[in-house]
Each structure stands twice: as C-alpha cells, then as structure tokens.
1. Please give the calculated 222 nm ellipticity per residue for the chain, where each DSSP H segment of at least 4 residues contributes -39500 (n - 2.57) and the sum is spread over every residue; nearest 500 deg cm²/dmol?
2. Could you put 83, 469, 226 in order, starting from the residue whose Cβ has the fewest other Cβ atoms within 10 Å?
3. Using the Cα gyration tensor of region 139-212, with a ≥ b ≥ c the square roots of its eigenvalues, what is the shape: rounded (a/c below 1.5), prolate (a/b larger than b/c) or oblate (neither)?
4. Quick one: if you stick a label point 7 Å off each Cα along the C-beta vector at residue 411 and residue 502, how many nm between them?
5. Residue 265: net charge of surrounding residues, Cβ under 15 Å, Lys/Arg +1, Asp/Glu -1, itself excluded?
6. Around residue 332, which amide H atoms from residues at least 5 apart in sequence, or from another chain, sit under 5 Å from its own amide H, with H modelled in the peptide plane?
7. Given 165, 526, 492, which one lies farthest toward the positive end of the charge dipole of the chain, if we put +1 on the Cβ of every Lys and Arg and -1 on the Cβ of every Asp and Glu?
8. When each pair of different Cα atoms in the chain is counted once in the 1/r mean, what is the Kirkwood radius in angstroms, to one decimal?
Amino acid sequence: MATPSSTSLESLLLKLEDGRYRFGPGAAARILKLLAALGRRRFSDVPCLLRFHETLMFLRAFPQSPAVMKATDSMLSGLSQRVDALRQAGADMDEFDPLEVSGIAGITMQDTLSFDLARWLVSHLPGKVEIAWEDYAEERAMAAVWPRLMPLQADDGWVEADVPWRQWLETAGGGPSKALAWLVWQIEAWPGTDLDRARMYDSLRLPLRWKMENSRVSRTRNVQRVRSPFFHQEPLLARSEVSLATELARRPPELHRLSPANGAATMDLIREVMLVRYRELYGTTLGDARSVVRVDAGRGVSIYLWNLPPQRRLPLRAYVAGLTLKNGVPINYIEAIGLFEWVEVGFNTFYTFRGGEVAWIYAQVLRSLCHLMGSTCISMYPYQLGHGNDEAIDSGAYWFYRKLGFGPGREELLRLVTREEKKIAHDAKYRTPARTLRRLASGHLFYELPGSEPGAWNKFSTRNLGLKVNRRMARKFGGDAERMKAADGASLARGLAVNPSKLNEWERAALDDFAVMLESAGGVKHWSQAERDELLQIIRAKAAPDEMQYLHLMQQHGRLREAVRKLGSKPS
C-alpha cells in the first residue's frame, strides 16, 4: 500500500482538492496528513503550484478544524519561496498572470491603474513600484502633461523630434527610482479638483510594475485575524438548501459602524484585494472610510459596506460597494447602485471560492444591502448574467439567480426561460445552449420583496433618463450643457425658493443635476409646497456625509419617484 511519501504529487493534489469539500469524522486528520506530505514535496511546474495554492486558500476560508487553519496559514506564509524556486529553475512566470490566479506572493505584477489607486500603491509599496517603460509609447500623452510639471520642457517637447521623455522625468524626479513617486506627488499638488488631477494622470495610461515578494498585500497572505473562526464539520450549504425568500424575511442584520481608523483600514484592504486581481471598481478605489459598516452574518462571514464621499458621488443614484470575508479571507466583492426602492446589484465571488456556500452568502449580502439601503426591488445586471461575459455563460450564472427566485422583466425573456424550464423538467440531461443563455442574459433579472409594486422598474434605466435629458439639451440649448444647467438650475432654485449662493459646492452640483432631470420631466411648478420642501431636503442630503439618508428620503417622495420612473422608462 502506497504511503503519502511515495504517492505521486498529482495523486496527492487530487486527494487534497477532493478533501476540501469533505467534512465530518476524520476529515481534518486526512487533510492534515495530505498537507504534511505535500509540504515535503518540491513543485517543479507552475500549474501544480497554482492548484496547491488555490486549495490552501479554500481550506483557510473553510477549514475543518483549528489545526487545518494553522497548517494552511503556515504553508501560505512560505509559498513565495516555492515561487522563487520555480523562477530560478526557469519556469514560465507568465503562467501566474491569468485573472483567476493572479496576485500570488513572490510574483511581479503589471497593470495600468487610475490615479487614485496608483497614488495609493506608490505610498503603500515605496520603492517597489516602477513604470514599465518597455511597454509604453504614449508620446502624445507625455507631451500634454510633462510641460505642466517641468520647467522649460515645452522648449523640447513641443517642437523637437525624438524627445527623451523618460530622461526628462527621471531628471526632474531626482533619479530613476524616484521618478514615479515624484510624478504622482506633483500631480497630487496640482491646482484643481480631485477629478481634474485624476484626469491628468489617467490621460498618461502609464503601465506600472511592482514586486509582490512575500507581502501581506499579496492574495496569498492577505488574510485578516478573526476572534471566533468558524470550523466546518458538516457539508457546506448547497444552493438547493437556501431560500432567498426565507433569508430576506428574517430579522434585519445589525449594522456596526466602524471607527474612522478601522474604516480606513477596510478601504486599504479592498484596494489590496482588487489590485492583485487586476480589478478596479469606482467604489472600491474611492470609498469613504467614514461610512463603513460591518455585518456579522454568522458561519465566519463578515460583510463590509460603504458609500462614496460627496465629491465623488453619482449624479442621481446612491452607490454602495462592499467586501465579504470568510474566516478573515476575502472571498467576494459587491457593488450596489440604488434609486428609490430599486437597486442594481453586482456580486462577484472570486474563482477560488465558487464552491463554498455562495448562495447562502449571497443571501446574506442581499439582506445587508436591503437593510442598509431600504431597497425592495433587486435587479441583476445583464453582464452579471452573461451579457458580454463568456465566463458567466460558461458557469451558468443565469440559472444561479433564476433558481433563487429572480425573474426577467421582459415578457419575451419570461416566455423563453419558461420554455427552457419545461425542457429541463422533461429531460434531466438537457443543458441550455450558450446561444440561448446569451439571449436570456440580454435583460435584467428582478427579485421583488413583499410590498413592492410589481414590475414598476422593469422598463426603467438611468441611461434612458440621461439620453432623454441630452436630447432636450440638443433640441433646446444647441448642445450646450453649461447653458442648460444654468437655465434649469435657476428655474429649480426659484421653484424651491432657495438661493444657490447659499448652497455648498456639492449641494449646488446636486441642484443642477436634479434641475436638468426634473425640467425634462415637466418641472415642479405643480408640486405642493411640502413636496418642494422635501425635494430640497433630498438635494441637501445628496451632499451630506451619509448618502443613505439621501436614498431613504427619496423613498418617501412619491411624486419625485413617479417623475423619475416615468422619464427613465421605455414606453410600452
């Protein structure tokens, strides 16, 4: 009989991969025995090491015992040494680059980042971030930016051929190792708004390269300490065991407001999490540390949610981003954008953890979002379902949401999914073709909580709303946005009896945004005084510290809701 020491590496890996989903008596002991055997093995190729890494990460998030958690922590801490050994042996390091496995300790990463994330990265990994010059040739972009930052550079850049752009930057910055940090801080000090500075840097499209080494920023080691870990001694909860209706009907979860310092630490964490996965969302980079709340959902799951700061908010919708930790391991990110009681939700579980209680965790995320935002109509983005997203088509994402109770808002898609369900019921081996899944994914799916107005948001889109406003701008103002904002803003200010000069910068921006929208919907001249007063409260709340107050006030304004919904809905 073969012993672990004599068993092949492939066999050990297969047993470990299978064992991560096995629980009950003896399961932890078998995992520990396999880990000990694999810990003594040398990995001679990248794919095997990647399989080992992903299984370790899963076991760390869903451990069978304290000993399994401790063993995986130890092995993950030393994994960068195995990566170094492969590099020295001449392995193809590009195999560490795919999105599914990126960010492992010991590798080097490269990406083009927004200004806000680049600035954060340079400050958090000082001396370890550089410009990948060999992959960069944006001469026009440098010609537009360099003269703003470097004395007399225009005498060279505006008229000469073969300008040594890199030399200019490295000379001004005090040397090659200091050039990127100098550029970032010069733009940071540039007069103007945050958005102006971001646009200046973003226009450069600089590819940045950084060394991960054995940093805690790496996906391998980015694990948070938890006071009370949850150990799995029974099978993981399957989707079939989860009733979304039951979960959403439960008592709302408690929202714990984090201190500013802990909120800032959470914002650092989400930037780390997204950075090493080559992902960047508006709300994960620009979240407001003062707004972070935590939900302890049970089973080792903690959900963190936050808003945007006033200067970076969307014109009309309220934005919430979030992150879920399982036993301290980041396992997914969240995006939710709401208007009145309607919210569009994006939910992405990282590849490594897609076999781990995803439906139950998704239900807890929705419980938390609905409580925080007051939402009763949940909408899933078509991209999340597979529209322009082959990975979602391959994984059958549409059926994940459909089986939880979501339904299409378009009648032709409801007829199509009903036909597919009949085929599935008739033939257990039937699988929906990819072309049909793409048709199904072309429209939103909706889940309406008790008390919702059925179908109220099926035909609504903020894009419809915005395009109608822009058609009016072209027709009435000759395409001049500033003239339209000035005229509509003055009209709404008169209607609300408010002096725009008494509003702060962000309140004035909110007034203008509501003005162009409401003037396109007929204005407020027929509104009652109470309705106008409530609208002014909503406009002020858009610029207040807590954007959720804005959303909750909107949910109480029936006339505003109907004006917005009608303007943004396609005709029947």
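Any read-out appearing in this document is the output of simple, stated calculations on the displayed coordinates, not a laboratory observation. The structure presented is a predicted model; accordingly, all values stated were derived computationally and were not measured. Note that we place each Cβ from the backbone using ideal geometry, even for glycine, and neighbour counts take in every protein chain shown.
1. Values: 26 runs with 279 residues, N = 572.
The per-residue figure over the chain is -14500 deg cm²/dmol.
2. Values: 83 25, 469 21, 226 15.
The order, fewest Cβ neighbours first, is 226, 469, 83.
3. Working: a/c = 1.57, a/b = 1.15, b/c = 1.37.
Verdict is oblate for region 139-212.
4. Rounded to a tenth, the inter-label distance reads 5.0 nm.
5. Details: positive: 216, 225, 257, 271, 290, 294; negative: 268, 272, 288.
Net of charged neighbours comes to +3.
6. 324, 350
7. Ranked along the dipole, the leading option is 526.
8. On the way: mean 1/r = 0.0375 Å⁻¹.
Hydrodynamic radius (Kirkwood, Cα only) of the chain equals 26.7 Å.
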